[in-house]
1. Among 167-175, 408-416, 432-440, how do they line up from the highest to the lowest mean number of other beta-carbon atoms within 10 Å?
2. Taking N as the number of residues in the stretch 486-539, what value does Rg over Cα atoms divided by 2.2 N^0.38 Å take?
3. Can you give the FRET efficiency to the nearest 0.05 for residue 501 and residue 175, using r as the Cβ-Cβ distance and R₀ = 51 Å?
4. In whole Å, what are the extents of the stretch 519-572 along the principal axes defined by its C-alpha atoms, from largest to smallest?
5. Using every alpha carbon pair in the stretch 458-563, what percent of pairs falls into each 5 Å bin from 0 up to the bin containing the largest distance?
6. By accessible area of protein heavy atoms, probe 1.4 Å, what ranking do 385, 368, 563 get, highest first?
7. Under the Karplus relation 6.51 cos²θ - 1.76 cosθ + 1.60, θ = phi - 60°, what is the ordered set of whole-Hz ³J(HN,Hα) values for the stretch 354-367, x standing for Gly and Pro?
8. With +1 on the Cβ of every Lys and Arg and -1 on the Cβ of every Asp and Glu, and nothing else charged, how large is the dipole of the stretch 174-270 about its Cα centre, in debye rounded to the nearest 20?
Amino acid sequence: MRKFIIFISIILFIGFSSCQDYLDVNSDSKYENDYVFGAKEEISRALSSVYAALMSGDAYGNNYFSTFALNSDVEFTPFSDPIRGVDGRDFKCFDGTQFGTTAQRFWDQEYEGIERANIFIDGITNSPIYDETDADLTQQLGEAKVLRAMFYHDLVVMYGDVPFTTEPSIKLESLVIPIKDRNEILTYLINDLKEVASGMQYAADLDYGVERVSREFCYGLIARMALTRGGYALYPDQGNPSSVGTMKRADDYMEYYQIAMQYADSVISSGTHSLNKSFIQVFIDECNNIVSNNDDPIFEIPFLRNSSGNVGYVTGSSVSSANDITPHIWGSSNGGMRLNAFYRYSFDRKDLREDYTVGMWGYDPEGLPVVLADYSTFNNKWSKLWANSSAALGDISRDKTGINYPYMRYADILLMYAEAANEVNGGPTPSAKEALKTVRQRAFAEEDWSEKVDAYVDSVSAGKETFFHALTLERKWEFGGENIRWKDLVRWNLYSKVAYESFMEYYIVGSMADGNYLDGSDDYLDLPVTMFYRIVDNPGNINIYPNTTLPILEFYNPWKNVLNPGGNWELAYFYDWGDENTEFPRSRCLYSFRGYIRAGENSNYQSFDPANLPPVRYILPIPNYAIQMSNGKYQNYYGYK
């Protein structure tokens, strides 16, 4: 077991290859407590090791966007077992433990990145060659500080109050770093980034562009952290560690909405990014290792082909192999990072994002499409199958796709600005409405803009609450499969409502399959329980997911029930979730939110009052070994003890 990074007095900057020479590190280097950088080349090499901390599958290479995609009305993983897994890793259904290895490994990796950043920042600021007028050095210092803020922000969102230091561990008087209140951490980080932002360069002016931390990303991260700081969060009951805790926000929250508005506007006003590419093209380009420095991506985590990153392997459809070989050049994938089965029905039928996000079929070992009639759908935003022949990984490839993960997009900047401006001004401003329109224009064909963009935005702009509600939906549709939804729901204090409604949705539809029509069943009578489909040749159109070569499926009635159309259509049964041997729906309808709400064994859903719901325990526990090594200074709350 790796030791928690705060207990390490000397750190190795590990050589790590990247998809760009910028991140190449050719040898290991030890940095003692009296080390300072003596040359710019050393500084560049050391900074690359901070970036290297992003690449691990324990952090942003997999766990960040997949393992911790907690269940909601967008991302969804079904659970069939009524009892907690022995490995303690059932965090997606809010039922993990402090012994869960995935939470431990993410914690370790984030603190490794923080330690590397702290060493770098200490080394460069104390270097005799550091000069605040040197554009290269101020840029590199800014990059390290932004990456450190990114590591800490994600720890705070996922763990709450955490150990915090900006000093290398070798300079600390105690190797047990005190836990600090999350609001103090975020306030420090926001102010820290404000100081370095003006010394940073825009992405278009940087070597490797959005694969490096830019001024735009610095501004954007300030805005994201400010919304976290101003939003709701789950706080512990200090007197009762067994309590789940309480959702609340700080009294000074409005100050941070103002900061979010200001810095999101700084990105918009810079004019350096746009949404000129089509929605689908953004993700297709990422699957083909095409980097755009002036479009939607603000910061992409740069992975290396055949070395790091599971984007396109756990995302996209499942692709089966025979003897670990596929009959095509793309290789296999598991498609395990799934979406809620009802998510697709939340979209407007003319919204282009639905077809590009929601996947309804995978591929068998012969390369033929197989319909997915399951408790979830595929997340189609990234797939190995989108790669062209020159970027395909080969017929025996699996994970480590090297497809970049867009940690922040310009669409997020626009919607953060609209949200903050609406809150600060007590309603939507013209610029907030324009930001929402910009996102929706890309989501609809131009001939639909009058109705779906202009008229729609005008209709939801009647007041603060209607505009806010529209933004909660827009973010739902825009960021499906990017593991943003549950974090948004937390800061809006809507997670309990959505988790309850999502559980009931599965439970009601599962009950209907057994002929039990509960309250609310009428809302689901048109669900296409019998869906007709057929295999057709690929038309070679880039807008047809998930490739332009393999056969695809055509659905006759994807939106509602119809009579048998006859002809050569095949029949698939959807939402067939009744259990004929019991009076309950099948287990995945009972236990997929089991750490919060459940039916079946130890059922508790009957006690839930929709008007007074308990909070969702989304917070991850401090790893048990870190608690043990802290000699009692750390402890878990939220019912983990």
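The values are calculated or read from the model by the stated rules, or taken from the named source; none is laboratory data. Since the model is a prediction, treat every value here as computed from it, not as a measurement. No Cβ is skipped: glycine too gets one built from the backbone with ideal geometry, and neighbour counts run over all protein chains shown. For the accessible areas, the whole protein counts, side chains as well, though only heavy atoms, and no ligand, DNA or RNA atoms are used. Shrake-Rupley method; radii C 1.70, N 1.55, O 1.52, S 1.80 Å.
1. Per-residue Cβ counts within 10 Å, averaged per peptide and sorted highest first, yield 408-416, 432-440, 167-175.
2. 1.65
3. In this case the efficiency is close to 0.65.
4. 45, 24, 12
5. Computed distribution, short to long bins: 2, 9, 11, 12, 14, 18, 16, 11, 5, 1.
6. Correct descending sequence by accessible area is 563, 368, 385.
7. 5, 5, 7, 9, 9, x, 10, 8, x, 10, 8, x, 9, x
8. Result for the stretch 174-270 is approximately 220 debye, rounded to the nearest 20.
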